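The values are calculated or read from the model by the stated rules, or taken from the named source; none is laboratory data. Since this is a predicted model, take the numbers as computed values, not measurements. Quick reminder, even Gly has a Cβ in these numbers, built from the backbone with ideal geometry, and neighbours come from all protein chains shown.
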There are 2 protein chains.
Amino acid sequence: MTTETRNFELRLKQRPGSDVSPDDFTLGDSPIEAPQAGQVLVKVEWLSMDTYLYERTIGDAMGPAIPLGSRMPGRALGTVVSGGLPAGTLVSGDFGWQKYATVDASAATALERNAAPDTWYLSALGAPGLTAWLALHKVLKPAAGKTLLVSGAAGTVGSLVGQLARELGLNVIGIAGGAERCKWLMQHGYQAVIDRKTVTDWKQAMLAAAPNGIDFYYDNAGGRILEAAVQAIAPGGRIVLCGHSGEYTSPTAKLTATDLLYKGLTLHGFRVWDFTAQFKEARAALLDLIIQKKLHMEETIHHGLASAPAAMDAMLNGNGLGKHLVKVHED
Amino acid sequence: MTTETRNFELRLKQRPGSDVSPDDFTLGDSPIEAPQAGQVLVKVEWLSMDTYLYERTIGDAMGPAIPLGSRMPGRALGTVVSGGLPAGTLVSGDFGWQKYATVDASAATALERNAAPDTWYLSALGAPGLTAWLALHKVLKPAAGKTLLVSGAAGTVGSLVGQLARELGLNVIGIAGGAERCKWLMQHGYQAVIDRKTVTDWKQAMLAAAPNGIDFYYDNAGGRILEAAVQAIAPGGRIVLCGHSGEYTSPTAKLTATDLLYKGLTLHGFRVWDFTAQFKEARAALLDLIIQKKLHMEETIHHGLASAPAAMDAMLNGNGLGKHLVKVHED
């Protein structure tokens with residue numbers, strides 16, 4: 001049992017706008033709940049910052065909006081303190097923005113420690129890694145030598161997609177925000193990078209970056225970037241829609257049916273939970289690449305539970321590279 | 001050699017609007033050209049009325065706009081009069097709106113007569129049949145017991161799709177224009193039919209027609225019907241875009257990216273010429289169904305070359321069932 005007796009949590013006070021502020025949350029505390037039969041008490045070590053969570057913070061998305069006044073949910077990594085699993089077991093689950101979680105044992109997935117840092121269970125070996133690998137291998141199915149455009153290229157999913165695509169022998173063109181992130185991508189094997197903070201004509205920028213044409217587009221942005229990609233992509237091209245971070249404060253993309261028809265394009269709205277039957281295959285492939293040191297996850301660490309709003313804001317607005325994590329117990 | 005010496009052809013005078021009128025064309029004549037070495041003289045027997053041809057008559061579409069003043073192109077069926085193939089050979093090709101065509105032998109495909117009427121080479125065994133079969137079997141790949149919605153259901157492609165889908169054990173819901181066509185569909189195994197001439201709320205009409213949900217949508221219409229289908233289709237649904245007859249005088253469909261993403265939909269813009277490697281398989285399957293009398297092609301016949309504009313208009317505006325054909329030499 002932990003020596004601490006109080007639990008702290010962040011509750012949603014008001015819905016954030018395009019920036020996430022600590023003022024959007026309140027800090028609450030309560031006694032740590034002892035686990036009942038069939039439960040475990042988890043010390044929440046790492047909070048995962050993800051776009052899906054921001055989407056549910058501002059309103060309905062793939063899941064219902066988080067009710068105002070309630071504790072923030074959210075994927076996390078922790079260690080078992082007591083209850084139905086051995087103390088110290090590494091577990092993942094939707095533990096939420098709190099220091100300790102008392103949950104049903106079935107809601108805590110025990111994880112084996114492996115060649116990767118534990119935290120990669122929230123990125124390369126978690127839902128983002130599965131999303132990157134499955135959308136690439138099971139939906140786009142690109143052939144070596146072809147060209148893939150990926151938006152959100154410096155983010156968690158995007159940076160994994162870029163590495164996996166290069167491993168497949170693709171030419172990869174990235175879209176990212178800001179000179180620093182673009183420079184980082186160019187140092188990591190991208191053929192060309194488009195800085196979304198300086199682009200004026202998206203279609204032209206894409207065509208200029210891909211003189212041999214764009215065959216595949218991995219969309220994490222939506223909005224006008226997606227609209228332009230439909231214009232710029234080569235006939236027969238395939239597009240997978242995995243995120244829409246460009247649409248939180250701008251209108252959603254409106255796609256013209258005749259563009260899809262005349263160019264023979266395929267669009268696939270990707271939901272990772274539609275592919276559970278292939279998770280095992282994807283995880284094995286991802287771990288194998290990690291062991292071979294062919295897949296790396298850049299991380300940006302935020303310190304302490306109270307930093308979670310700032311961490312979400314940084315994830316959202318592209319301040320920092322790769323996966324944004326909150327180290328909960330380091331205040 | 002034919003005893004006739006003059007050839008007659010229809011030339012495009014002006015671009016039609018939503019109706020096609022004889023006034024949009026002029027009749028021209030010229031001597032029948034004797035075939036040179038490597039050519040054949042074809043007596044054009046049947047003209048095929050197709051939406052692609054109307055699209056190229058009014059402007060750029062999948063192919064360039066037909067130049068004003070030039071002879072109307074168009075898929076057709078004929079018999080060899082003289083030249084590099086035996087006289088009487090049944091041939092298909094883009095012979096255009098004329099009574100005789102003198103073309104390179106490579107532009108005339110010799111056809112074997114089989115269990116189907118010759119004219120079915122322009123429908124069930126031609127591009128429409130390939131489009132119906134390939135988009136269904138190679139793109140939508142529906143499982144038995146699921147529900148397929150098809151627009152343009154009383155047209156050439158649509159009526160083939162309906163029959164092929166029922167053969168696969170699907171529940172089929174059709175969209176067609178007018179009470180007569182809807183009645184005809186209900187007599188041919190459709191589970192429900194939506195009359196596009198009386199619908200006001202498309203999404204509601206689709207949901208009402210498919211109480212168990214729509215799993216697949218075969219789109220020949222585009223426009224607001226496609227927009228509504230994206231709204232009405234079940235999560236994980238698949239849509240194939242094969243035509244857009246609802247968009248010639250109305251705006252093209254604008255599809256909302258988040259609808260595709262949140263519902264995990266797949267959209268595929270289908271161009272039959274991307275599937276040439278599978279034509280042989282498709283033709284064999286179609287012919288087999290015809291031999292088993294499981295596939296029938298309704299035809300609406302128009303008489304004489306001069307009836308071609310009226311035939312195109314009838315095809316376009318849904319006057320008559322199934323395939324519209326012009327019997328060229330029956331004035």
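Condition first: polar (S, T, N, Q), surrounded by fewer than 22 Cβ atoms within 10 Å (Cβ to Cβ) and within 22 Å of A:Gly304 (Cβ to Cβ). Can you find one or more residues in the stretch A:23-34 that meet it? Write out each step before concluding.
Here is the first cut: in the stretch A:23-34, the residues polar (S, T, N, Q) are A:26, A:30.
If we keep only those that are surrounded by fewer than 22 Cβ atoms within 10 Å (Cβ to Cβ) too, we end up with A:26, A:30.
Right, trim to within 22 Å of A:Gly304 (Cβ to Cβ) and you get A:26, A:30.
Within the stretch A:23-34, one or more residues are polar (S, T, N, Q), surrounded by fewer than 22 Cβ atoms within 10 Å (Cβ to Cβ) and within 22 Å of A:Gly304 (Cβ to Cβ).
Out of all the residues in the stretch A:22-40, is one or more touching a Lys or Arg at 6+ places or on another chain (Cβ under 7 Å) and under 25 Å from A:Cys242 (Cα atoms)?
no
Considering only the stretch A:312-327, I want to know if a residue exists there that is surrounded by 17 or more Cβ atoms within 10 Å (Cβ to Cβ), more than 14 Å from chain B (Cβ to nearest Cβ) and in contact with a Leu (Cβ under 6 Å, 6 or more places away or on another chain).
Quick first cut of the stretch A:312-327, residues surrounded by 17 or more Cβ atoms within 10 Å (Cβ to Cβ) only: A:312-316, A:318, A:320-327.
Now narrow it down to the ones that are more than 14 Å from chain B (Cβ to nearest Cβ): A:312-316, A:318, A:320-327.
Filter again for in contact with a Leu (Cβ under 6 Å, 6 or more places away or on another chain), leaving A:326.
Yes; the residues of the stretch A:312-327 include at least one that is surrounded by 17 or more Cβ atoms within 10 Å (Cβ to Cβ), more than 14 Å from chain B (Cβ to nearest Cβ) and in contact with a Leu (Cβ under 6 Å, 6 or more places away or on another chain).
Select, from B:Gly158, B:Gly152, the only residue that is within 20 Å of B:Glu299 (Cβ to Cβ) and within 14 Å of another protein chain (Cβ to nearest Cβ).
The unique qualifying residue is B:Gly152.
Just give me the residues in the stretch A:41-75 being of a type in the set (Lys, Arg) and in contact with a Lys or Arg (Cβ under 7 Å, 6 or more places away or on another chain), in sequence order.
The one that is of a type in the set (Lys, Arg) and in contact with a Lys or Arg (Cβ under 7 Å, 6 or more places away or on another chain): A:Arg71.
Quick one: in the stretch A:261-283, of everything that is part of a helix (DSSP H, G or I) and hydrophobic (A, V, I, L, M, F, W, C), which residue is surrounded by the fewest Cβ atoms within 10 Å (Cβ to Cβ)?
Pass one, the stretch A:261-283, residues part of a helix (DSSP H, G or I): A:261-263, A:272-283.
Imposing the further condition that a residue be hydrophobic (A, V, I, L, M, F, W, C) reduces the set to A:261, A:272-273, A:275, A:277, A:279, A:282.
Working: A:Leu261: 27, A:Val272: 23, A:Trp273: 10, A:Phe275: 19, A:Ala277: 7, A:Phe279: 15, A:Ala282: 21.
If we take residues in the stretch A:261-283 being part of a helix (DSSP H, G or I) and hydrophobic (A, V, I, L, M, F, W, C), then A:Ala277 is surrounded by the fewest Cβ atoms within 10 Å (Cβ to Cβ).
For the stretch B:202-215, does any single residue satisfy the condition of being within 20 Å of the chain's Cα centre (by Cα) and either among the β-branched types (Val, Ile, Thr) or more than 12 Å from B:Val172 (Cα to Cα) (or both)? Outline the logic, then answer.
Residues of the stretch B:202-215 that are within 20 Å of the chain's Cα centre (by Cα), as a first pass: none.
No: the stretch B:202-215 contains no residue that is within 20 Å of the chain's Cα centre (by Cα) and either among the β-branched types (Val, Ile, Thr) or more than 12 Å from B:Val172 (Cα to Cα) (or both).
Exactly one condition in (1) within 13 Å of chain B (Cβ to nearest Cβ); (2) surrounded by 19 or more Cβ atoms within 10 Å (Cβ to Cβ); (3) acidic (Asp, Glu) is false for A:Asp215; which is it?
Among (1) within 13 Å of chain B (Cβ to nearest Cβ); (2) surrounded by 19 or more Cβ atoms within 10 Å (Cβ to Cβ); (3) acidic (Asp, Glu), the lone unmet condition for A:Asp215 is (1).
From (1) within 11 Å of another protein chain (Cβ to nearest Cβ); (2) in a strand (DSSP E or B); (3) under 17 Å from the mean Cα position of the chain (by Cα); (4) free of Cβ contacts under 8 Å to residues at least 60 places away in the same chain, pick out the condition that doesn't hold for A:Pro235.
(3)
Looking only at residues that are out of contact with any Gly (no Cβ under 6 Å at 6 or more places or on another chain) and over 11 Å from B:Lys43 (Cβ atoms) in the stretch B:73-83, which one is modelled with the highest pLDDT?
We begin by selecting, within the stretch B:73-83, every residue out of contact with any Gly (no Cβ under 6 Å at 6 or more places or on another chain); these are B:75-78, B:80-83.
Subsequent filtering for residues that are over 11 Å from B:Lys43 (Cβ atoms) retains B:75, B:83.
Working: B:Arg75: 97, B:Gly83: 94.
Residue satisfying both the conditions and the ranking: B:Arg75.
Run B:His329 past the list (1) closer than 30 Å to B:Phe8 by Cβ; (2) modelled with pLDDT under 95 and report the number of the one that doesn't hold.
(2)
Give the number of residues within the stretch B:1-21 that are part of a loop (DSSP other than H, G, I, E, B) and aliphatic (A, V, I, L, M).
The number of residues fulfilling the criteria is 2.
Here is a yes/no grid of residues against (1) closer than 28 Å to B:Leu12 by Cα; (2) of a type outside the set (A, V, I, L, M, F, W, C); (3) not assigned by TED's automatic domain parsing to the domain that holds B:His302:
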| position | (1), (2), (3) |
| --- | --- |
| B:Pro73 | yes, yes, no |
| B:Gly78 | yes, yes, no |
| B:Leu90 | yes, no, no |
| B:Gly93 | yes, yes, no |
| B:Thr102 | yes, yes, no |
| B:Ala107 | yes, no, no |
| B:Leu111 | no, no, no |
| B:Ala115 | no, no, no |
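Looking at the stretch A:50-68, is at least one residue at pLDDT 95 or above and part of a strand (DSSP E or B)?
Scanning the stretch A:50-68 turns up no residue that is at pLDDT 95 or above and part of a strand (DSSP E or B).
So which residues in the stretch B:239-256 are facing chain A (nearest Cβ under 7 Å) and in a strand (DSSP E or B)?
Matches in the stretch B:239-256: B:Leu241, B:Lys254, B:Leu255, B:Thr256.
Considering A:Arg181, A:Arg224, which residue is surrounded by 21 or more Cβ atoms within 10 Å (Cβ to Cβ) and of a type in the set (Lys, Arg)? I'd like the intermediate steps shown before the answer.
Details: A:Arg224 fails: surrounded by 21 or more Cβ atoms within 10 Å (Cβ to Cβ).
Of A:Arg181, A:Arg224, the one residue that is surrounded by 21 or more Cβ atoms within 10 Å (Cβ to Cβ) and of a type in the set (Lys, Arg) is A:Arg181.
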